[in-house]
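The values are calculated or read from the model by the stated rules, or taken from the named source; none is laboratory data. The shown structure was predicted, so the numbers you read here are calculated from the model rather than taken from an experiment. Quick reminder, even Gly has a Cβ in these numbers, built from the backbone with ideal geometry, and neighbours come from all protein chains shown.
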Amino acid sequence: MPRMSAPIPARRAALALAATVLATAATAATTTDATAADAGRPAAVTASAGTSTSAGTSALAARTSGTAGLKGVDYATWQRDVQAVVDQALPYVKERTGNAHGRKQAVVLDIDNTSLETDFHWTYPTPAIKPVLDLTRYAHARGAAVFFVTARPGILDGLTEHNLRNVGYPVDGLYVRHLPDLFQDVSTYKTAKRAEIENNGYTIIANIGNNTTDLVGGHAERTFKLPDYDGKLS
């Protein structure tokens, strides 16, 4: 898998800005695909809707940075909702990784607002979502491989891998959208990549994302859906 060489100082700021802008634009497309993907999606653990619609959310969101703040998503509320899903995923991951029976296991994750706090920052490297980072590192320490499947374009391959490793994620594989993939909708592309991981001998014990396009299509034992607040998060 390609590795990211550290950018020279004179170009660091430009690369960081480009990465942030391109990642936001690329992942915004998943919101459009989500409605079409609703039919036939697998059962998933989801965050409680009640916490996302509390009366104080709009006022608190003024203190939230990034595009999320502009759309009225409160950072603290989002963190609580993410933690609620991770709390349900952890016992399952513990049980499954404890009973691998010699088979190769894998966890698959989306990146933007699933692994990284993309919509809550204007900076690069983008911070990790700590509950998801902790869960991922726990699964990896217990023998599961970690694969990332993102709608980001191939031009961001190196920058994305560098960001993930920089904030502490183990990366056994990273799938980005190259030119042929752009002619597929996001859910079809992501399903194909999970099938490819399975064809390489892995059992995907958990697929984690914040959008229905991350989760539909099968090729995972369990899915865990983080909040996107009706498409407010990419």
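Every condition in (1) touching a strand residue (DSSP E or B) at 6+ places or on another chain (Cβ under 6 Å); (2) surrounded by fewer than 24 Cβ atoms within 10 Å (Cβ to Cβ); (3) under 23 Å from Val93 (Cβ atoms) is met by Pro153 except one, and the failing one is (3). On inspection, Ala128 fails the criterion of being modelled with pLDDT of 95 or more and more than 17 Å from Leu226 (Cα to Cα). Among the conditions (1) touching a residue at least 60 places away in the same chain (Cβ under 8 Å); (2) crowded, with 19+ Cβ neighbours inside 10 Å; (3) β-branched (Val, Ile, Thr), Val146 misses just one, which is (1).
Identify, please: which residue in the stretch 189-219 is small (Gly, Ala, Ser) and on the phi > 0 side of the Ramachandran plot and is, among those, farthest from the chain's Cα centre (by Cα)? So the residue we want is Gly201. When the stretch 62-103 is limited to residues that are part of a helix (DSSP H, G or I) and of a type in the set (D, E, K, R), the one that is surrounded by the most Cβ atoms within 10 Å (Cβ to Cβ) turns out to be Asp81. Can you confirm whether Val108 is in contact with a strand residue (DSSP E or B) (Cβ under 7 Å, 6 or more places away or on another chain) and not in a helix (DSSP H, G or I)? Here the answer is yes, as Val108 does meet what is asked.
Of the candidates His140, His162, the single residue that is farther than 30 Å from His101 by Cα and in contact with a Pro (Cβ under 8 Å, 6 or more places away or on another chain) is His162. Within the stretch 206-222, does at least one residue satisfy the condition of being more than 15 Å from Ile111 (Cβ to Cβ), of a type in the set (S, T, N, Q) and buried (at least 20 other Cβ atoms within 10 Å of the Cβ)? Checked the stretch 206-222: at least one residue is more than 15 Å from Ile111 (Cβ to Cβ), of a type in the set (S, T, N, Q) and buried (at least 20 other Cβ atoms within 10 Å of the Cβ). Take the conditions of a type in the set (Lys, Arg), within 17 Å of Val107 (Cα to Cα) and out of contact with any Phe, Trp or Tyr (no Cβ under 8 Å at 6 or more places or on another chain) and apply them to Lys225. Does it pass? It is true that Lys225 is of a type in the set (Lys, Arg), within 17 Å of Val107 (Cα to Cα) and out of contact with any Phe, Trp or Tyr (no Cβ under 8 Å at 6 or more places or on another chain). Residues that are among the aromatic types (Phe, Trp, Tyr) and more than 12 Å from the chain's Cα centre (by Cα) were ranked within the stretch 121-162; the one that is nearest to Ala192 (Cα to Cα) is Tyr138. Considering the stretch 223-233, and only residues there that are part of a loop (DSSP other than H, G, I, E, B), at negative phi and charged (D, E, K, R), the residue that is surrounded by the most Cβ atoms within 10 Å (Cβ to Cβ) turns out to be Asp228.
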